[in-house]
Structure formats: C-alpha cells, structure tokens
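The values are calculated or read from the model by the stated rules, or taken from the named source; none is laboratory data. Remember, predicted model here, so these are calculated numbers, not experimental data. No Cβ is skipped: glycine too gets one built from the backbone with ideal geometry, and neighbour counts run over all protein chains shown. Accessible surface is based on the protein model in full, side chains and every heavy atom, while ligands, DNA and RNA are left aside. Shrake-Rupley method; radii C 1.70, N 1.55, O 1.52, S 1.80 Å.
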Amino acid sequence: MDLKPSPAWKSRYRFESILVFVLAIFSWSIPVTILIPTGRVISSNLVHIPAIVLLIFILWWIPRFYETVNFALDDKQVVSRYGIFFKQERRVDLRKINSVRKAQGPVRRHFRTKHLHMHTAALGGQPIAEVTFYDLTNADEIQKKISQLMESRGVADRIDVGAKETSVIEELTKIRRIMEEKRADDLKKPRDER
C-alpha cells in the first residue's frame, strides 16, 4: 500500500514558513526601517533582501519536496522515502515495531491531518520514532492496518520460532546423550588412563 501525505501538507508548511518569517524577522526589522533613518539601508540590504530570497526559495522548495515524500506499507515492513537533495529511506520490519503513536497539534488539527510515529527498541528506549508517516488524513485507518499486520506477523513468527525451538531442543538432547556416554566411558577407565 503506497501512501502520500495530504496535499494540505504544502499549505501547512507555506503557512508555517511565512509565520516564522513574519514573527522572527519582519516583526522587528520593519519597525527599525521605519523609525531609524539609517536603518532603512541596513535593514533593506542586510535583512529584508536575504530574508525575502530565502522565503522565496523555501516556498519554491515545499511543493518539490512534497512530490518526493512517499510512504509504503506491506505485510512485512513500513517504508518512508523523501528528499530532494539528500534522498532518505527508512525501513522497519513490522516485527521490530513496539508501538504506533498518532500526533496532532493545533495546526495539523486545522488541516485535519495526523502524523504516525512508529517506535522500535533499536534506539535504546529514547522517545524518537524510527519511521514517521507525515500528515496523513487517514491516520486512524493506517494505524489499525499496521496493528493488524503486526498481530498477524507476530503469530506467524511465533509458529516459525516454535518449529526452530523444537529442532534446537532435539539437537541439544542429542549432544547431552553423547556427553553423558563419553562421561560414563571416562568413569569406567582407571584413573591413570583418564
């Protein structure tokens, strides 16, 4: 099953980018430009022009990055792929997943999307997700699907492990018999010959 984030993902990141620029840069630089005469040149050349160029780049980058984001789910693993300049791919076997958590903040709630965080024991108990599916509109359904696949996968693995355990126990029993026979033979021999 191939998945993509909601198209609202692009709107959310555009909104957040513009909000960050307005609050972090323009909130102080525009008053400086207006109130201080020499501030006009300084803020225009050193702050506004680079900030606007950076904002334009980020707004250009958002839809292109969105096109690279892809999530996959099959009966064995979950996969997350993304990246324009640096391609990333994360794969986690369903047997390794300990928990699947949903996250939805106020902005995501407005856009009606949720993140799905898949945690494993590989990171030493740290609360960092091994794989995250971003901005899904059907996160509840996907979480149920992952849980069902984990459950069915776990039962199949326990059956395989049971067959392996049986063969290991048989092998150990044979080794024990051989060791007991060797010990019995050694005990029959006089002390000098041992």
Of (1) of a type outside the set (A, V, I, L, M, F, W, C); (2) open to solvent by 50 Å² or more (accessible area, probe 1.4 Å); (3) modelled with pLDDT of 85 or more; (4) over 12 Å from the mean Cα position of the chain (by Cα), residue 98 satisfies all except one. Which?
(3)
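Residues checked against (1) open to solvent by less than 70 Å² (accessible area, probe 1.4 Å); (2) modelled with pLDDT of 85 or more:
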residue	(1), (2)
102	no, yes
129	yes, no
136	yes, yes
141	no, yes
150	yes, no
Given (1) surrounded by 10 or more Cβ atoms within 10 Å (Cβ to Cβ); (2) at pLDDT 80 or above; (3) outside any loop (DSSP other than H, G, I, E, B), identify the lone condition not met by residue 166.
(2)
Quick one: count up the residues across region 26-56 that are β-branched (Val, Ile, Thr), at pLDDT below 85 and open to solvent by 40 Å² or more (accessible area, probe 1.4 Å).
8
Looking for whichever is aromatic (Phe, Trp, Tyr) and modelled with pLDDT under 85 here; the options are 71, 86, 111. Which one fits?
111
Determine the pairs where a residue that is free of Cβ contacts under 8 Å to residues at least 60 places away in the same chain, located within region 138-149, has a partner that is surrounded by 12 or more Cβ atoms within 10 Å (Cβ to Cβ) with Cβ atoms under 7 Å apart, the partner being 6 or more residues away or on another chain.
139/102; 139/114; 139/116; 143/100; 143/102; 143/116; 147/100
Among residues of region 60-95, those that are in contact (Cβ under 8 Å) with a residue 60 or more places away in the chain, part of a loop (DSSP other than H, G, I, E, B), open to solvent by less than 100 Å² (accessible area, probe 1.4 Å) and not hydrophobic (A, V, I, L, M, F, W, C), counted
2
Scan 101, 12, 108 and give me the residue that is touching a His at 6+ places or on another chain (Cβ under 6 Å), closer than 18 Å to residue 132 by Cβ and in contact (Cβ under 8 Å) with a residue 24 or more places away in the chain.
101
